[in-house]
Amino acid sequence: MVTVIVMLITDAMEDYLHHIQAVDQKAMTSISAYRHDLSLYAQFLSEHQRMHINDISYADLQDFIDEQRAIKKSNSVNRIISTLHNFHHYLTSVYPDLADPSVFLKSKKAGQKLPKYFNAHDIERLLDSFDGSDQQLFEHAMLELLYGCGLRVSELCALTMNQLHIKQGFLRVIGKGDKERMIPIHERAKHVVNDYLELVRPQWQTKRVNQVFINHLGHPITRQYVHALIKHKLRELGLNEALSAHSFRHSFATHLLDGGADLRVVQELLGHSDIKTTQIYTHIQNQRLKEAYANFHPRATATKADEHE
């Protein structure tokens, strides 16, 4: 006899979100993304009078995904599909008699885009563009660590004083999934960050705040602030405005590999759990090799007419 599961879809979603936070201990950014995807799904189901988890069919999921594909890019839709798979798999693990309508739901393969990164000249130009004022020293210190340590913007904003070991020359970073990693700080970054800590931060610390980077009001910096700062610097210096805060991290990895670093070392410094994620940077190197070959090898630029002369 098959048990009929009577549970509101919204309740099931809240149970799942609680599970990934309390049991799976996923990062808050991941939980926020799951919540966003599930809220879209819940709204769609509600509009189609699907209130209980046993009301959902494969056709409902496919209609929802078709609707999302009409307004979103492939990567975003594939993330939503992954969320749905995980959500329904969780439900069937809790309620074995419940069918999984997402089993045959497939992602579309998105074309792999290579990350945008600074060339060595442009990143040096940007980092050398600050003067000695308090505000500029503060901004300089942030961007030196962002590039010099390959940090995510969220990691930079969350960095606390007890994670920063300037004298020893390393950071202790808490990344995705609360994974901890140690990252060396190069001498130029150490010098700039130390000046900020000694000359600027004590003046601005009007509250008991443990974050390393605080603004002139004593508040911790936000991701929005860092993104806005970088967009401003790109415009100011006439650099490619398609670059972003994450381009600092891409540049860190690309420049390390250009200098001969081992891929496994770069993986560890970036905090990637899977080396396949890090391998995207080898594609950048391969692309540059192909472009150099096409531009400079005499036979690569020869026309068919040239070859028959």
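A few points about this structure:
- Nearest 10 degrees, 0 to 90: helix 223-237 Cα axis against the chain principal axis: 40 degrees
- The residues of the chain have, on average, 57 Å² of accessible surface per residue, using a 1.4 Å probe with all protein chains present.
- Magnitude of the charge dipole, the chain, Cβ model with Lys/Arg +1 and Asp/Glu -1, debye to 20: 380 debye
- Subtracting the Cα-Cα distance of residue 120 and residue 19 from their residue separation scaled by 0.36 nm leaves 31.9 nm.
- Accessible surface of segment 191-248, 1.4 Å probe: 52 percent of it comes from carbon and sulfur atoms.
- Full extension of the chain segment joining residue 165 with residue 136 gains 8.2 nm, where the gain is 0.36 nm per residue of separation less the Cα-Cα distance.
- On Cα atoms only, tilt of 134-148 relative to the major axis of the chain in degrees: 70 degrees
- Binned Cα-Cα distance frequencies in segment 146-220 - 10 Å width, integer %: 19, 53, 27, 1
- Label selected from (i) 164; (ii) 210; (iii) 139, the criterion being volume of the Cα convex hull per residue in Å³ as computed here: (ii)
- FRET efficiency, residue 106 to residue 48 (Cβ-Cβ, R0 22 Å, nearest 0.05): 0.55
- At R0 = 41 Å, FRET efficiency that the Cβ-Cβ distance of residue 73 and residue 191 yields, to 0.05: 0.50
The values are calculated or read from the model by the stated rules, or taken from the named source; none is laboratory data. All of these numbers come straight from a predicted model, not from anything done at the bench. Using ideal geometry, Cβ is built from the backbone for each residue, glycine included, and neighbour counts are taken over all protein chains shown. Surface accessibility is based on the protein's heavy atoms, side chains included, excluding ligands, DNA and RNA. Shrake-Rupley method; radii C 1.70, N 1.55, O 1.52, S 1.80 Å.
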